[in-house]
Amino acid sequence: MSCNKAPATEAPTTNNSGNRSIQKLSCTTPSIANNFDIDSCAIDACEIAGGEYTQNGCECQSGETFIMEEEPKCVSYTKSVGVNRREKEEHEYINYSSFTEDDLYSIDIYNYDVENEVEDLFLPNFVAPNFLTLRYLNPAKTIAKKFVDNARKNPNIFIRKTFGDISPIESIRFNEYSELSFEAPFYDYISHVMDTDFEASERYYFSEKGCLEHCKKSMSFDFDQIIAKRTREYFKGILAFDYIEIRNREEFILSAKVDLLARTILTLNKGNADSLKVKYTLFPFSMQTSGESLESIIDENEDLQVKKVKRYNWGNVILCDNGVLPNDKNLSRDINLERGPNDNSLYGWLDQVRDQSDFYNGAINIDQLASGVKGASEHGRSVVNYMKMVNVASISLNSCLGDFDNWVNNTFEHDYKVVNYSYSDYLDNKACLSNHHWNKVKKHPKAKRMLWVFAAGNEKSYLTPETATLCPQNIVTRDTNALIVGASPEFGGVTNRGKTFVDLFADAPSTSTATAIVSSLAANLLKLYPSLSVSDVKRALLASVEDTGLSSRTGGVLDKDLAYKAAKEINKNRNINNLDLLREVHCNGRRYFCKVDESWEERF
């Protein structure tokens, strides 16, 4: 979203406790009222710690680093220099460590450019197991394939409490003396972006603490057919990443990624849209050397032929997932992967096919660096194998909400009105309302006529819309065309729960597979009773649940037979009120000697 420069933060408050002065951190939640100020909390914390907040984040005095735990602090670090005997190549090993009462923070540096010293660095702190590892390469030597492969992996940092999900977080770098050569690919674009003062036009935050936890600031550049975007990503109050993405206007996959902290340029040679291969080339800014890696998006031995077959007596479900390989021998026979109306791609559901990400859409989810999600088809397979008697239109996660207009007309015309969505982004309630694609999608006329079935997540937590960091689940909890599904506690208790967060449970080992049960049942109800709206079907599903005191809005587990019974009643009498519907479903219409009471109506 576009925002103006954030206003100045308020001064921190001070309380006296005995002879000690304690400054309390007071964060201002980013909102329209303060132009989505994502810096004030970090600025406040840095001031309390005794540091100075700059474009690099909170800088402490020499020999100290900023760490945010319960309280913000500038903490001294120790530096040790030596070698790692397990590393065969000539190198200098440097370790920076900081100890607090709660944690150890550590940064490992392998300097293979031994003739040049690595200066003391200003770096973000990742708590174990997410230690940061930097590898400085020698510009006189060819870059090994393993380093090219490492450079093309995007660190996936998200905030739950203290850290992300990669262990360790690695970066391939060259020393800072490396200047950008005139021979560098995309030199004109890169140099223009680097020479332009950074003024964020987009701000993306993950919690109300903004850059004190995790935030992104971006600035876009339009060069006719080329679009460039510079992004600064802050983690725990310190600049963690600073990079430029360059892509063709008509493509999702990048043409190059420029890491300004690492002093590297990664280029992607994608070939034709239907090519299985991507060639990556990594250069230092100096262009003294390079390295290559040729990778396959999908195993070349896979049978990728998709038949245009529809089973007309089955329901229809849109699967938003990491993809399903069309001829996976482990797929259930109770599902039919349907090909869309277009011949421009593997599954044919997209109107516009711009690159490999679009061509293989639905088979594998390809990110902007053309990397396929590892084990993608395994999750998609496990989800669809819990569906029963449905046709499936497979749409990759990147396209599901982010490119909704590119596929929705095709699925809608083929009577697909139920969406199975088993993923989430890690944003709190307020950040989700400000940042997420769902806020645009939900306003689309066709999206309003679709039933969106979301997974509740498997963190074993009691959640409310206000405390959940699962987006968009935390902002759809009362939408008439959305359901949030948990897994029955009898299956090991991995599911999230919550009276105002989860709508109902289903008998499955995870919330992803529970969602599949509910979405396929909803699709079959719509097939059996085509005059029902998606809100009618949602009502039937909620009415099927017996309240047994479980922690959800309905208090229990989906009953398939009673869902059919409820749909039949609603189809017969659209004006039936909720209490009478519940009595009809659970007590055959009896008012007396019926377990249903007025409290059951709260589920609607």
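The values are calculated or read from the model by the stated rules, or taken from the named source; none is laboratory data. No experiment lies behind these values; they were computed from the predicted model shown. Here Cβ is always computed from backbone atoms with ideal geometry, including for glycine, and neighbour counts include all displayed protein chains. Areas reflect the complete protein model, heavy atoms only, side chains present, ligands, DNA and RNA absent. Shrake-Rupley method; radii C 1.70, N 1.55, O 1.52, S 1.80 Å.
What is the sum of charges, Lys and Arg at +1 and Asp and Glu at -1, for the other residues whose Cβ falls under 9 Å from the Cβ of LYS595? Residues close to LYS595 contribute a combined charge of -3. Overall form of region 444-598: oblate. Here a/c, set by the Cα gyration tensor axes a ≥ b ≥ c, is 1.5 or more, and a/b is not larger than b/c. With the charge dipole of the chain set up from +1 on Lys and Arg Cβ and -1 on Asp and Glu Cβ about the Cα centre, the Cα lying farthest toward the positive end among the listed residues ILE244, ASN56, LEU276 is that of LEU276.
As a rough guide to protection, the peptides 303-315, 257-269, 504-516 ranked by mean Cβ packing within 10 Å, highest first, stand as 504-516, 257-269, 303-315.
If you bin all the Cα-Cα distances of region 62-159 at 5 Å, starting from zero, the percentages per bin are 3, 10, 21, 21, 19, 14, 9, 3, 1, 0.
Under 15 Å from a label point set 7 Å out along the Cα-to-Cβ vector of SER296, the amide N atoms of region 265-282 belong to 275-279. Stretched out straight at 0.36 nm per residue, the stretch from LYS310 to PHE99 would grow longer than its current Cα-Cα span by 69.9 nm. Modelled label positions at GLU378 and PHE412, each set 7 Å beyond Cα in the direction of Cβ, lie 3.7 nm from each other. Taken about its Cα centre, the chain carries a charge dipole of about 2840 debye when Lys and Arg each add +1 at the Cβ and Asp and Glu each add -1 at the Cβ.
For ASP224 and LYS153, FRET efficiency with R0 = 35 Å and r from the beta-carbon atoms, rounded to 0.05?
Step by step, r from the Cβ atoms, then E = 0.70.
Using the Cβ-Cβ distance between GLN352 and THR500 with R0 set to 30 Å, the FRET efficiency from 1/(1 + (r/R0)^6) comes to roughly 0.15. Among all the lysines, which ones have a C-alpha under 21 Å from LYS440's C-alpha, if same-chain residues fewer than 8 places away are not counted? Those lysines meeting the cut-off are LYS216, LYS217, LYS417, LYS430, LYS448. Among ASN385, ALA431, TRP349, whose Cα projects farthest towards the positive end of the dipole of region 342-500, with charges put on the beta-carbon of Lys, Arg (+1) and Asp, Glu (-1)? Of the candidates, ALA431 comes out farthest on the positive side.
Ellipticity at 222 nm from helices only: DSSP H runs of n ≥ 4 in the chain, each -39500 (n - 2.57), divided by the residue count, give -5000 deg cm²/dmol. Rounded, prolate or oblate: which fits region 407-459 when a ≥ b ≥ c are the square roots of the eigenvalues of the alpha-carbon gyration tensor, with rounded for a/c under 1.5 and prolate only if a/b beats b/c? Since a/c reaches 1.5 but b/c is at least a/b, the shape of region 407-459 is classed as oblate. Leaving ligands, DNA and RNA out of it, report the carbon-plus-sulfur percent of the accessible area of the chain at a 1.4 Å probe. In the chain, the share of accessible area belonging to carbon and sulfur is 44 percent. Ranked by the mean number of other Cβ atoms within 10 Å of their residues, highest first, the peptides 322-329, 84-91 fall in the order 322-329, 84-91. Using the Cβ-Cβ distance between PHE198 and THR289 with R0 set to 22 Å, the FRET efficiency from 1/(1 + (r/R0)^6) comes to roughly 0.15.
Compute the label zone of LYS145 within region 257-280: residues whose backbone N is under 12 Å from the point 7 Å along Cα-to-Cβ. Taking a point 7 Å out along Cα→Cβ of LYS145, the residues of region 257-280 whose backbone N falls under 12 Å are 280.
Average accessible surface for region 286-328: 52 Å² per residue, computed with a 1.4 Å probe over protein heavy atoms with every protein chain in place.
As a rough guide to protection, the peptides 138-151, 192-205 ranked by mean Cβ packing within 10 Å, highest first, stand as 138-151, 192-205. What is region 235-312 by shape, rounded, prolate or oblate, if you read a ≥ b ≥ c off the alpha carbon gyration tensor as root eigenvalues and call it rounded for a/c under 1.5, prolate for a/b larger than b/c, and oblate otherwise? Since a/c reaches 1.5 and a/b is larger than b/c, the shape of region 235-312 is classed as prolate.
For the residue pairs LYS73/LYS209; LYS446/LYS560; LYS308/LYS443, the alpha carbons lie more than 22 Å apart in LYS446/LYS560; LYS308/LYS443.
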